[in-house]
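J.: Please find one structure pasted underneath; my questions will follow.
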Amino acid sequence: MSAETNPPSQITESFAIAKASKAPADPDIRTFKKSGIVVKPAQPLSVSARALELQRVLDAIEATSAAGARRDPEESIHEMLADLKALRSRGSRLYLVGNGGSASVASHAVTDFLNVASLRAATLHEPSLLTCMSNDYGYEAAFARIIATLASPGDMMVAISSSGQSLNIRNAASEMRKLGGRVVTLSGFKADNPLRSLGDLNFWLQSTDYGMVEIGHQFLLHNLADRLRLGF
């Protein structure tokens, strides 16, 4: 799961709490014996129910341009494929950035892009480098400082944030565009999240569930790698 913390309002909305003595028999209810309460997810957690929810999230994916104009999602994926092929042909680099669970999504995608698509892909969260930059310049500026040194015009960034609010990811995206690179953003939660306005191409998932958004982002990146692998 992501390192981003749910606000109290989301926690309240996500769980229904009742006294254990009054709780109905339900396999999805978890009982905390010491506190005497049960916590039940507001949405069913069976595999089939979650699979249906993921299908809904993927079916509702939205793509927008830098100006915020709605784009056809499949056409936007083809545009990104063309960008990645051009990137590979000229030997430019692909950087993927994220925090917490989104950093894991980025690492997985880099493995796929490098291994099966022959892209010069990399993440930016190597521990000693990231902690150095965070210590010297602040966490909000860490990725942007790294990009300012590593990236060149014609490079590309995939900026990942489930909420679209992470300032360090937004700063990195802004720095990449300032350098003349291309930016694709992956976000979720609020439709007007600030990251969604920073990419040349922006994919947004209509969900406030971290698991659904993270899996959806991973699915999208894996799908791109598969298409590159198969020559589409």
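No value in this document is a laboratory result; all are computed from the given coordinates. These numbers were taken from a predicted model, which means no experiment stands behind them. As a convention, Cβ positions derive from the backbone with ideal geometry for all residues, glycine included, and neighbour counts pool all protein chains shown.
J.: Are there trypsin sites (Lys or Arg not before Pro) in the range 114-203 that DSSP marks as loop and that have at most 14 other Cβ atoms within 10 Å, and which are they?
T.: Those that pass, being in a loop and sparsely packed, are 190.
J.: Report the calculated FRET efficiency for residue 229 and residue 139 (r = Cβ-Cβ distance, R0 = 25 Å), to the nearest 0.05.
T.: About 0.10, to the nearest 0.05.
J.: Report the gain in length on full extension from residue 150 to residue 114: 0.36 nm times residue separation, minus Cα-Cα distance, nm rounded to one decimal.
T.: Numbers: separation 36, 0.36 × 36 = 12.96 nm, distance 1.77 nm.
So the extension gain works out to 11.2 nm.
J.: Still on this structure: Exposure proxy check: 83, 72 ranked by fewest other beta carbons within 10 Å?
T.: In order of increasing Cβ crowding within 10 Å: 72, 83.
J.: What residues have an amide H closer than 5 Å to that of residue 181, excluding those fewer than 5 places away on the same chain, when H is modeled at 1.01 Å from N in the peptide plane?
T.: 154
J.: Hey, another quick one. Quick one: grab the alpha carbon gyration tensor of the range 47-89, order the square roots of its eigenvalues as a ≥ b ≥ c, and give me rounded if a/c is under 1.5, else prolate or oblate depending on whether a/b is larger than b/c.
T.: Details: a/c = 4.12, a/b = 1.76, b/c = 2.35.
Oblate is the answer for the range 47-89, as a/c is 1.5 or above yet b/c matches or exceeds a/b.
J.: Considering only DSSP beta bridges whose two residues both sit in the range 51-230, what percent are antiparallel, to the nearest 5?
T.: Counting only bridges with both partners in the range 51-230, antiparallel ones make up about 25 percent.
J.: I've got another one for you. Step through the residues of the range 77-86 one at a time and calculate ³J(HN,Hα) from phi using the Karplus curve (6.51 cos²θ - 1.76 cosθ + 1.60, θ = phi - 60°), rounding each to whole Hz and writing x for Gly and Pro.
T.: So the Karplus estimates, Gly and Pro as x, are 5, 5, 5, 5, 4, 5, 5, 5, 5, 5 Hz.
J.: Once the piece of chain linking residue 131 and residue 69 is laid out straight, how much longer is it, given 0.36 nm per residue of separation minus the C-alpha distance between them?
T.: 18.6 nm
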